[in-house]
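S.K.: Encoded as structure tokens, here's the structure I'll be asking about.
The values are calculated or read from the model by the stated rules, or taken from the named source; none is laboratory data. These numbers were taken from a predicted model, which means no experiment stands behind them. Glycine also receives a Cβ, built like all others from the backbone with ideal geometry; neighbour counts cover every protein chain displayed.
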Ligand code: CMP
């Protein structure tokens, strides 16, 4: 079924001017950008967004990284968009990412891994609502 997922182009990607190249990969593989904006994430937004990771050893570094420069937050739409986007992104650690995936192509490290994508339809709905008003999403 047609589905929506939430995506972030992370500061390592915007710093290297990769917004268009990464969007081209999504579009070539059948995902449509139905909402998009470039923002500076606040510390509170990053801490809240990554709240499930707050006990992890990498949490503070992750929040610093995600607030270190502009990010592009997006809503992607397509058939099985959540799972499809996870395939397109590749493994969290670029060392384990398959050929042709965004993280294999572009990621610098497990932290600076260029993109975030929702891990389930339930979380996609929560993450989309955290960053976008309904009227900002044009399917
Ligand atoms: P993301 O999919 O945005 O979800 C959590 C993020 O934490 C992950 O991508 C990475 O950018 C970052 N991260 C940093 N270190 C680790 C780690 N050891 N394991 C998982 N995620 C990590």
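S.K.: Which is surrounded by 15 or more Cβ atoms within 10 Å (Cβ to Cβ) and at pLDDT 95 or above, of 56, 4, 38?
M.R.: 4
S.K.: Show me the helices (runs of 4 or more DSSP H) found entirely inside region 32-101 where at least 2 residues are in contact (Cβ under 8 Å) with a residue 24 or more places away in the chain, within 12 Å of the ligand (Cβ to nearest atom) and within 14 Å of the chain's Cα centre (by Cα).
M.R.: 59-66, 81-89
S.K.: Can you tell which of 81, 91, 98 is under 18 Å from residue 130 (Cβ atoms) and modelled with pLDDT of 95 or more?
M.R.: 81
S.K.: Taking the condition of being within 15 Å of the ligand (Cβ to nearest atom), within 17 Å of residue 112 (Cα to Cα) and not in a loop (DSSP other than H, G, I, E, B), how many residues in region 1-31 meet it?
M.R.: Quick first cut of region 1-31, residues within 15 Å of the ligand (Cβ to nearest atom) only: 5-15, 22.
From what's left, within 17 Å of residue 112 (Cα to Cα): 7-15, 22.
Checking the rest, the ones that are also not in a loop (DSSP other than H, G, I, E, B) come to 7-9, 11-15, 22.
The total comes to 9.
S.K.: Another one. Residue check: is residue 108 assigned to a loop (DSSP other than H, G, I, E, B), within 16 Å of the ligand (Cβ to nearest atom) and touching a residue at least 40 places away in the same chain (Cβ under 8 Å)?
M.R.: Values: assigned to a loop (DSSP other than H, G, I, E, B): yes; within 16 Å of the ligand (Cβ to nearest atom): yes; touching a residue at least 40 places away in the same chain (Cβ under 8 Å): yes.
So residue 108 fits the description; yes.
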